[in-house]
Each structure stands twice: as C-alpha cells, then as structure tokens.
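Below is one structure; the comments refer to it alone.
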Amino acid sequence: MSASQLSRKRAKQILSAAQKTRVLVVGDVMLDQFIWGGVSRISPEAPVPVVDFQRESFMPGGAANVARNLVSLATPAELFGAIGRDDAAVRLLKLLSEQNIGCGGLVKNPARHTSVKTRIVAHQQQVVRIDRETRGCLDAKTTAGLLAEFKAQLPRAGAVIVGDYGKGVVTQPLLDEIKKLCRTRGVWLSLDPKPVHQLDLSGLSLITPNRKEAFELAGLPDDTKNENPFADKNLMQVAEKLLTELRPAVLLVTLGELGMLVCRHGQKPFHIPTVAQEVFDVSGAGDTVIATFTLAVAAGASPVEAALLSNHAAGIVVGKVGTATTTPDELAKSF
C-alpha cells in the first residue's frame with residue numbers, strides 16, 4: 001500500500017479500534033432546526049420566495065454535531081458545554097440522549113440562550129438561516145463547573161476535541177486549562193479554530209482550519225489561488241507560518257473541492273484530493289473531518305491514515321442534505 005492510499009481492511013481495523021476508545025468534546029453546543037418546504041411563487045409583499053411548509057427536523061449542532069459524528073462512527077463520546085434553561089435545551093438534551101451521547105458535562109446557565117440555528121430549505125437549497133444565541137464569554141463560575149466535570153472524565157479519554165464556534169464557551173482560561181490537563185496526561189487534543197475569536201492556539205495536537213481560516217490565523221491576505229496546492233506559494237507560506245508559530249503536531253487545512261493538506265513540522269506537506277462525487281450540502285463537513293481524524297488517531301492510526309479516513313468521511317456527508325453523519329460500514333465501503 002502506498003502512503004497515499006488506505007485499504008478497506010486497514011480502514012476497518014481503525015474503525016474497529018475506535019469503538020474501544022472514548023473522545024471528549026468541549027465547546028459551543030447548538031440545536032440545528034431545519035424547516036423543509038417548496039417554493040412555487042414570489043411574495044406580493046416583497047421580492048422574496050414564499051416557502052410552503054412541509055416538515056421540520058431537529059439535530060445536534062456545533063460541538064454537539066462533532067459528538068454526533070463520533071457516535072455515528074461507533075466511538076463513545078462525552079460532551080461538555082453550556083446550555084440555557086429553555087425549551088431548546090430540553091429538546092437538545094433529548095436528542096443527545098436518544099443518540100447515546102454523554103451529556104453530563106453540559107452545564108445549565110439560566111443567563112444564556114441555548115444556541116439555535118434555523119435553516120429554511122426549499123428544493124434542497126438553503127433559503128435563509130436564522131440564529132438565536134448568546135455570544136458573550138462564559139462566566140468564571142460556569143467555566144469552573146465545566147472544567148471540574150471535564151477533569152473527572154479525562155482519565156478515561158483517548159482524545160479531546162475542542163469545537164470553537166465563537167459563541168463564548170471556549171475562553172482563553174478554559175483552553176489553557178484543557179491544554180495543561182491534556183499535556184500532563186499525554187492526551188491528543190484537536191481544535192477547530194475560529195480566527196474571529198482570538199485565542200492562543202499554540203501547543204495543540206491538531207488544528208483543522210479551512211483555507212479562509214488558515215489565512216486569517218496567519219494574518220496574511222489570500223489574493224491568489226492555484227488548483228495545485230503545492231504551486232500555491234501563499235498557501236505554502238501560511239502553512240509554514242502556522243507550523244512555526246503555533247507548533248501543532250499536525251496542521252490539517254481543508255480546501256473544499258481541492259481536498260485537504262496535511263502539514264507537519266520538518267516534513268513535506270501531503271495533499272489528499274477530495275473523493276466527494278456530488279456536493280449537496282457542506283454544512284457540518286468540518287465537524288465530520290475533525291471527529292473522524294481524532295477518533296482514528298485515538299485508535300492508533302498515523303496522521304496520514306487519519307486524514308485519508310476523514311477525507312472519505314467528508315466526501316460521504318457532503319453528498320447528503322443537512323448536517324449529516326456517516327457509519328463505519330458506509331465509510332469502510334467507500335475505500
């Protein structure tokens with residue numbers, strides 16, 4: 001087998017080993033609401049489509065969607081974050097319980113709204129999204145409660161994922177404490193960054209920015225693009241800068257239709273072309289990538305194997321409508 005390939009047998013081995021590990025997910029949890037309908041006319045009141053309601057569905061979003069991806073791939077997950085004391089929190093907890101996602105680490109804070117993203121979808125196309133949420137930083141008392149629960153659960157974890165969606169749960173004091181605890185125990189720590197939320201991201205095991213986020217993190221303009229990532233001087237410069245300044249074990253830059261770039265200090269970047277056949281919906285694809293990569297590493301995969309596995313997982317979920325997941329069978333069959 002060449003370094004750029006993963007056999008179905010090896011993919012199955014990794015996925016099987018992942019079932020015996022456990023991943024903790026910390027961050028901004030949300031409730032994703034989808035309102036599905038059809039459009040056949042424009043409103044007489046304003047130049048907007050009139051959506052005839054057909055049905056609605058709810059699913060865990062944000063860091064909760066990362067946990068959902070893990071559990072869908074048969075990897076036990078425990079979720080840590082903050083929710084309000086509202087109807088959205090009740091609905092979210094019920095969904096998490098139904099999907100066997102541990103939510104003992106979700107701290108209730110009556111001063112916060114549970115984040116709800118409402119997407120109105122007509123004929124498989126998103127028409128508009130409405131966000132209802134609290135974006136202020138989590139207070140010290142709630143952060144301390146969250147960290148106490150996290151510390152208690154960490155000894156049984158194979159890896160940790162921090163999902164920062166800029167809603168205030170992932171603060172610098174929280175991240176610093178998680179980094180310290182993971183470093184002390186030698187636990188792999190992955191983070192999906194939000195550059196708008198300026199945090200010290202140094203010393204993590206894995207960072208998974210998309211192209212836009214990578215350039216923002218590096219503080220460099222993205223004024224050129226090349227179909228060949230290795231010929232993209234700006235992208236190579238950004239990767240080198242982030243590796244030097246932030247010192248992650250692995251920098252994984254997701255490039256949409258161009259696949260992903262695996263970067264490690266002192267090694268030539270490794271490009272993986274996308275395997276997506278058709279793209280219907282990219283929402284949640286980043287959650288799938290970080291979840292699959294992390295569970296693979298926790299199961300003993302090399303960074304390149306983990307990236308190949310997560311690339312296939314992303315290729316499957318973007319071919320589905322809505323924030324989707326994949327299963328071990330589906331993922332193994334894609335190889």
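Over segment 215-318, calculate the relative contact order: mean separation of alpha carbon pairs under 8 Å at least 6 apart, over the residue count, as a percent.
Details: 135 pairs, mean separation 20.9, N = 104.
Dividing the mean separation by the residue count of segment 215-318 yields 20 percent.
Using 0.36 nm per residue of separation minus the Cα-Cα distance, give me the extension gain between Lys12 and Asp52 in nm, one decimal. Walk me through the intermediate numbers first.
Working: separation 40, 0.36 × 40 = 14.40 nm, distance 4.36 nm.
Taking 0.36 nm per residue and subtracting the Cα distance, the gain is 10.0 nm.
Return the percentage of antiparallel bridges among DSSP beta bridges fully within the chain, rounded to the nearest 5 %.
Details: 27 of 59 bridges.
Looking only at bridges with both residues in the chain, the antiparallel portion is about 45 percent.
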For the chain, alpha-carbon Rg over 2.2 N^0.38 Å:
0.98
Could you give the nm distance between label points at Ala152 and Lys333, where each point is 7 Å from its Cα heading toward the beta carbon?
4.1 nm
At a 10 Å Cβ-Cβ cut-off, how would you order Val196, Val127, Val318, fewest neighbours first?
Val196, Val127, Val318
Segment 211-247: trypsin sites (Lys or Arg not before Pro) falling in loop per DSSP and having at most 15 other Cβ within 10 Å
Lys225
Candidates per chymotrypsin sites (Phe, Trp or Tyr not before Pro) in segment 17-122, loop by DSSP, up to 12 other Cβ within 10 Å:
none
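Quick one: length gained pulling Glu227 to Leu181 fully straight, 0.36 nm per residue minus the C-alpha distance? Write out the running numbers ahead of the final one.
Details: separation 46, 0.36 × 46 = 16.56 nm, distance 4.04 nm.
Stretched fully, the Glu227-Leu181 segment lengthens by 12.5 nm.
Any idea what the relative contact order of the chain is, in percent, if you count C-alpha pairs under 8 Å spaced at least 6 apart? It would help to have the intermediate numbers written out before the result.
Working: 712 pairs, mean separation 63.0, N = 335.
Here the relative contact order equals 19 percent.
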Measure off 7 Å from each Cα along the Cα-to-Cβ vector at Ser202 and Lys94, then give the distance between these two points in nanometres to one decimal.
4.8 nm
What is the pair-distance distribution P(r) of segment 1-74, computed from all Cα-Cα distances in 5 Å bins starting at 0, with each bin given as a whole percent?
3, 12, 12, 12, 11, 12, 10, 9, 7, 6, 4, 2, 0
How long, wide and thick is segment 83-200, going by the Cα atoms along their three principal axes, in whole angstroms, largest first?
50, 31, 29
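Want the number for Ala144 to Gln237: 0.36 nm per residue separation, take away the alpha-carbon distance, what's left?
Using 0.36 nm per residue and subtracting the Cα-Cα distance, I get 29.6 nm.
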For segment 1-86, what is the relative contact order in percent, using Cα pairs closer than 8 Å and at least 6 residues apart in sequence?
37 percent
If you consider only alpha-carbon coordinates, what radius of gyration and Dmax does segment 206-335 have, in Å?
14.3, 41
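A short reminder: the numbers here are calculations on the coordinates, not readings from a lab. Keep in mind that what you see is a predicted model, and the values were worked out from it rather than measured. Cβ: placed from backbone, ideal geometry, glycine included. Neighbour counts: every protein chain shown.
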